[in-house]
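Each remark here refers to the structure printed beneath this line.
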Amino acid sequence: MILLNNSHKLLALYKSLARSIPESLKVYGSVYHINHGNPFNMEVLVDSWPEYQMVIIRPQKQEMTDDMDSYTNVYHMFSKEPQKSQEVLKNCEIINWKQRFQIQGLQESLGEGIRAAAFSKSVKVEHSTAVLLVTEDTLKLNASSESKFGSWAETGHPDDDFESETPNFKYAQLAVSYSGLVNDNWKRGRNERSLRFIKRCIQDLPAACMLGPEGVPVSWVTMDPSCEVGMAYSMEKYRRTGNMARVMVRYMKYLRQKNIPFYLSVREENEYSRRFVQQLGFFEASCEWHQWICYPQNLVPF
């Protein structure tokens, strides 16, 4: 595998990946953030260049110091020939098989190669899926993006453009000081490692909320290093009041203004959330969201 660290090559890869959306969205979104400040210190590997078949995004080595931190130890993967993923994964040092980690991708066919490679390394695999939801403009993404290079912190914030429509409620940037609140209400979180991850997401990536009458967030939404929108939540007292819809509409408007790609995933059984986001203009993509959590037998899940 070849480390792609030239800015011109990364931009060329970004444009090329657009032609494979929605299957490439995980990697496409990761490359977007790498090209815009790389706040999570990720790196890009391809099997060949300029013609490539597989792209793997992973954290740089200095980020992967905690063998149990599967929030940080994340690989995003896309392949034009998923059936060949086993050969690449087994015969290269791209993945640290001694850690607990996760692989995320939007191609179910990657699973066979991942499981075969994991078996050869005596690593267990837990697979989960979700419905991938995208908007029409996401599917139309192309190489003519006018995004400027820079970080999230340099671009301003959506609350610069909006005033609250409802008395005692205010749309605002989600402050890092509320990371604990988000962590406590994130089903995949509620531990110290997830809290560290959430803090970085809120600090370095677009995150928004609706502040309630007491000045505390009652609804919020964040983004992850692959441009996936997530952790969306409304406090029980304020559900079905329209707050989340107002947050999402304004948040999406900001992302579009800045040409930041976005998409989301919802568990298939969560019919309410699926209907909700469809009302916002999302629709189910032709592929699914996939996650493979892997861990050596000596590192059991917490």
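Show the residue pairs meeting these rules: Cβ distance below 6 Å; 6+ apart or different chains; first residue within the range 14-41 and closer than 15 Å to TYR75 by Cβ; second residue open to solvent by 20 Å² or more (accessible area, probe 1.4 Å) and among the polar types (S, T, N, Q).
ASN41/GLN60
Any idea how many residues of the range 49-60 are in a loop (DSSP other than H, G, I, E, B) and either in contact with an Asp or Glu (Cβ under 6 Å, 6 or more places away or on another chain) or open to solvent by less than 40 Å² (accessible area, probe 1.4 Å) (or both)?
3
Could you tell me whether the range 66-75 includes any residue that is among the aliphatic types (A, V, I, L, M) and closer than 20 Å to GLU228 by Cβ?
yes
Going through the range 254-290 one residue at a time, which ones are touching a strand residue (DSSP E or B) at 6+ places or on another chain (Cβ under 7 Å), under 21 Å from TRP186 (Cβ atoms) and of a type in the set (A, V, I, L, M)?
Hits for the range 254-290 are LEU264, VAL266, VAL277.
Which of the residues spanning the range 240-277 are within 24 Å of ALA172 (Cα to Cα), outside any helix (DSSP H, G or I) and open to solvent by 20 Å² or more (accessible area, probe 1.4 Å)?
Hits for the range 240-277 are ARG240, THR241, GLY242, LYS258, ASN259, SER265.
Looking at VAL247, VAL266, which is the one that is more than 25 Å from VAL27 (Cα to Cα) and within 19 Å of the chain's Cα centre (by Cα)?
VAL247
Report the residue count in the range 107-123 for those that are part of a loop (DSSP other than H, G, I, E, B) and open to solvent by less than 30 Å² (accessible area, probe 1.4 Å).
Counting residues in the range 107-123 that are part of a loop (DSSP other than H, G, I, E, B) and open to solvent by less than 30 Å² (accessible area, probe 1.4 Å) gives 1.
Being open to solvent by 30 Å² or more (accessible area, probe 1.4 Å) and not acidic (Asp, Glu) is the filter here; which residues of the range 198-221 pass it?
Correct list: LYS199, ARG200, GLN203, LEU211, PRO213, GLY215, VAL216.
Report, by residue number, each residue of the range 95-106 that is of a type in the set (Gly, Ala, Ser) and surrounded by fewer than 16 Cβ atoms within 10 Å (Cβ to Cβ).
none
Give me the residue from the range 217-249 that is charged (D, E, K, R) and touching a helix residue (DSSP H, G or I) at 6+ places or on another chain (Cβ under 8 Å) and, out of that set, farthest from ASN185 (Cα to Cα).
Ranking the candidates gives GLU228 first.
Scanning the range 61-94 for residues that are open to solvent by less than 20 Å² (accessible area, probe 1.4 Å) and out of contact with any Gly (no Cβ under 9 Å at 6 or more places or on another chain), which turns out farthest from LEU110 (Cα to Cα)?
ASP69
Inspect all residues belonging to the range 221-236 and state whether any of them is more than 16 Å from HIS33 (Cα to Cα), out of contact with any Asp or Glu (no Cβ under 8 Å at 6 or more places or on another chain) and polar (S, T, N, Q).
yes
The values are calculated or read from the model by the stated rules, or taken from the named source; none is laboratory data. All figures in this text were calculated on a predicted structure; none of them were measured in a lab. All Cβ positions, glycine included, derive from the backbone under ideal geometry; neighbour counts span all protein chains shown. Accessible surface is based on the protein model in full, side chains and every heavy atom, while ligands, DNA and RNA are left aside. Shrake-Rupley method; radii C 1.70, N 1.55, O 1.52, S 1.80 Å.
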